[in-house]
Amino acid sequence: MHSLCKSPRVLVTGSLGQIGTELVSTLRMKYGAENVLASDIKFPTEKAKFDVEGPFKYVNTNNIEQIKEAVVNFRANKVIHLSSILSATGEQNPDLAMEVNSHGAENCFKVCNYYGASLLIPSSIAAFGPETPRHNTPDLCIQRPLTMYGISKVYIELLGNWYNQKKGLDFRSLRLPGIISWKALPGGGTTDYAIDIYYQALKKGHYTNCFLKKDTRMPMMYMDDCIRGIIELLEAKNENLKQRTYNLGAIDFTPEEIYESIKKVMPKFKIDYKPDFRQSIADTWPTSIDSSCAKKDWGWEHDYDLDKMTDVMLMNLKKKLFV
Ligand SMILES: NC(=O)c1ccc[n+]([C@@H]2O[C@H](COP(=O)([O-])OP(=O)(O)OC[C@H]3O[C@@H](n4cnc5c(N)ncnc54)[C@H](O)[C@@H]3O)[C@@H](O)[C@H]2O)c1
């Protein structure tokens, strides 16, 4: 497969989600639109579509034949597997989370191994659990997550190690923190409050019922950093990678700190709190993660701090909502 195609030919699954909609456009700008096949089970709409148009295919990752067909017909030599049921939605529908997150990933491993394509699957801070050291969490530590989503992420990390060591599959993964963006809506994660707060600040001047307590610190990242991190790892030289899964850290803050950051721009902004079941998920996750291995092995640095992210979120959401 690799010998047939010099330029990367990338299949992206679950590409109409929060990360995929932005990743696909950036990849198309870099590799040429015709070299990036977007896929999902959703229909691309005005609300969920790519800035850079290109090929699209229906691929349900629970169905191995559909992944095979896409890889073979497109001659994909890289697969970025994004289809997933996120943490909060997964706890409400554990059977679906198990099917999509574990079985869908198994299918991607089998297909990529068979056809010689490389495979990148994001992991998450949800792969950690209550026994994990919570502050500046290292890459290698105890991982006993309590959510179905987190369990599937540990499974994927370990399968990736196995396929890499036993079969030589080029598997790469990043443990992403909560990703903050304004283009597509988030898919039901425990960090989603940090996006909704910007929408409500602009729409109502008041964020009601924040579902986490005001002092719940969590690792987060602005989308532009996330997209750059994914592509930097995708393109990193294999011989530089000392491990298959890397923590990808950026910033960390509490609901109160993001509220204060928004207040610097909108002094009349108000917030009130009503923690729900997502609090107990957040309580088992790290408050910050150590990404020194990503820095050492492939030069990872984040760019956006909290206030810079607030400025760009408010500026872009204002245009999106009111212009
Ligand atoms: N967004 C975050 O904050 C975050 C944080 C950590 C890790 N991640 C990881 O990044 C990846 C992408 O996350 P996201 O935020 O874009 O997710 P999302 O929920 O926004 O999008 C997931 C997409 O997968 C699609 N999908 C669901 N079931 C499918 C199936 N059976 N076949 C094909 N497609 C299917 C959905 O239609 C959706 O478009 C996931 O692996 C997720 O675990 C995301």
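The values are calculated or read from the model by the stated rules, or taken from the named source; none is laboratory data. The shown structure was predicted, so the numbers you read here are calculated from the model rather than taken from an experiment. Glycine also receives a Cβ, built like all others from the backbone with ideal geometry; neighbour counts cover every protein chain displayed.
Could you check region 189-293 for helices (runs of 4 or more DSSP H) lying wholly inside it with 1 or more residues that are more than 21 Å from Lys308 (Cβ to Cβ)? Reasoning before the result, please.
Working: elements: 193-204, 223-235, 255-265, 277-282.
Here the list reads 193-204, 223-235, 277-282.
Looking at (1) part of a strand (DSSP E or B); (2) away from the ligand (no atom under 14 Å from the Cβ); (3) small (Gly, Ala, Ser), which is the one condition that is false for Ala38?
(2)
Quick test of your reading of the structure: Asp283 fulfils all but one of (1) among the charged types (D, E, K, R); (2) in contact (Cβ under 8 Å) with a residue 24 or more places away in the chain; (3) farther than 22 Å from Pro145 by Cα. Name the failing condition by number.
(3)
Are any residues in region 154-182 farther than 24 Å from Thr254 by Cβ, in contact with a helix residue (DSSP H, G or I) (Cβ under 7 Å, 6 or more places away or on another chain) and either away from the ligand (no atom under 12 Å from the Cβ) or of a type outside the set (Ser, Thr, Tyr) (or both), and if so, which ones?
The initial filter retains those residues of region 154-182 that are farther than 24 Å from Thr254 by Cβ, namely 154-173.
Next cut, in contact with a helix residue (DSSP H, G or I) (Cβ under 7 Å, 6 or more places away or on another chain) only: 154-157, 159, 163, 167, 169-173.
Val154, Tyr155, Ile156, Glu157, Leu159, Tyr163, Lys167, Leu169, Asp170, Phe171, Arg172, listed by residue number.
In this structure, does Leu16 turn out to be touching a Pro at 6+ places or on another chain (Cβ under 8 Å), within 23 Å of Cys226 (Cα to Cα) and away from the ligand (no atom under 12 Å from the Cβ)?
Values: touching a Pro at 6+ places or on another chain (Cβ under 8 Å): yes; within 23 Å of Cys226 (Cα to Cα): yes; away from the ligand (no atom under 12 Å from the Cβ): no.
Criteria not met by Leu16.
Of all residues in region 70-87 being among the small types (Gly, Ala, Ser) and buried (at least 24 other Cβ atoms within 10 Å of the Cβ), which is farthest from the ligand (Cβ to nearest atom)? I'd like the intermediate steps shown before the answer.
At the first step, the residues of region 70-87 found to be among the small types (Gly, Ala, Ser) are 70, 76, 83-84, 87.
Next, only the ones that are buried (at least 24 other Cβ atoms within 10 Å of the Cβ) stay: 76, 83-84, 87.
Details: Ala76: 15, Ser83: 3, Ser84: 4, Ser87: 8 Å.
Among those residues, the one meeting the criterion is Ala76.
Against the definition (more than 13 Å from the ligand (Cβ to nearest atom), closer than 17 Å to Leu82 by Cβ and buried (at least 17 other Cβ atoms within 10 Å of the Cβ)), how does Thr26 come out, yes or no? It would help to see each step written out before you state the result.
Values: more than 13 Å from the ligand (Cβ to nearest atom): yes; closer than 17 Å to Leu82 by Cβ: yes; buried (at least 17 other Cβ atoms within 10 Å of the Cβ): yes.
Taking the combined requirement at face value, the residue satisfies it.
Which numbered condition in (1) within 11 Å of the ligand (Cβ to nearest atom); (2) among the hydroxyl-bearing types (Ser, Thr, Tyr); (3) touching a residue at least 60 places away in the same chain (Cβ under 8 Å) is the only one that Thr61 fails?
Going through (1) within 11 Å of the ligand (Cβ to nearest atom); (2) among the hydroxyl-bearing types (Ser, Thr, Tyr); (3) touching a residue at least 60 places away in the same chain (Cβ under 8 Å) one by one, Thr61 breaks only (3).
Report the residue count in region 50-67 for those that are in a loop (DSSP other than H, G, I, E, B) and buried (at least 18 other Cβ atoms within 10 Å of the Cβ). Full working, then the answer.
Filtering region 50-67 for residues in a loop (DSSP other than H, G, I, E, B) gives 50-55, 59-63.
In the following step, the residues that additionally are buried (at least 18 other Cβ atoms within 10 Å of the Cβ) were identified as 50, 59, 61.
Of the residues in region 50-67, 3 are in a loop (DSSP other than H, G, I, E, B) and buried (at least 18 other Cβ atoms within 10 Å of the Cβ).
Considering Val323, Val312, which residue is surrounded by fewer than 19 Cβ atoms within 10 Å (Cβ to Cβ) and in contact with a strand residue (DSSP E or B) (Cβ under 9 Å, 6 or more places away or on another chain)? Write out each step before concluding.
Values: Val323 fails: in contact with a strand residue (DSSP E or B) (Cβ under 9 Å, 6 or more places away or on another chain).
Unique residue meeting the criteria: Val312.
List the pairs whose first member sits in region 212-238 and is surrounded by fewer than 22 Cβ atoms within 10 Å (Cβ to Cβ), whose second member is assigned to a helix (DSSP H, G or I) and among the aromatic types (Phe, Trp, Tyr), and whose Cβ atoms are under 7 Å apart, counting only residues at least 6 apart or on separate chains?
Glu232/Trp298; Leu233/Trp298; Ala236/Trp298
Restricting to region 183-204, name every residue that is within 13 Å of the ligand (Cβ to nearest atom) and not polar (S, T, N, Q). Can you show your working first?
Initially, region 183-204 is screened for residues within 13 Å of the ligand (Cβ to nearest atom), giving 183-196.
Of everything in region 183-204, those that are within 13 Å of the ligand (Cβ to nearest atom) and not polar (S, T, N, Q) turn out to be Lys183, Ala184, Leu185, Pro186, Gly187, Gly188, Gly189, Asp192, Tyr193, Ala194, Ile195, Asp196.
Which residue out of Gly104, Gly116, Gly14, Gly20 is under 19 Å from Arg172 (Cβ atoms), surrounded by fewer than 16 Cβ atoms within 10 Å (Cβ to Cβ) and modelled with pLDDT of 95 or more? Step through it out loud before you land on a result.
On the way: Gly104 fails: surrounded by fewer than 16 Cβ atoms within 10 Å (Cβ to Cβ); Gly14 fails: surrounded by fewer than 16 Cβ atoms within 10 Å (Cβ to Cβ); Gly20 fails: surrounded by fewer than 16 Cβ atoms within 10 Å (Cβ to Cβ).
One residue alone meets the criteria, Gly116.
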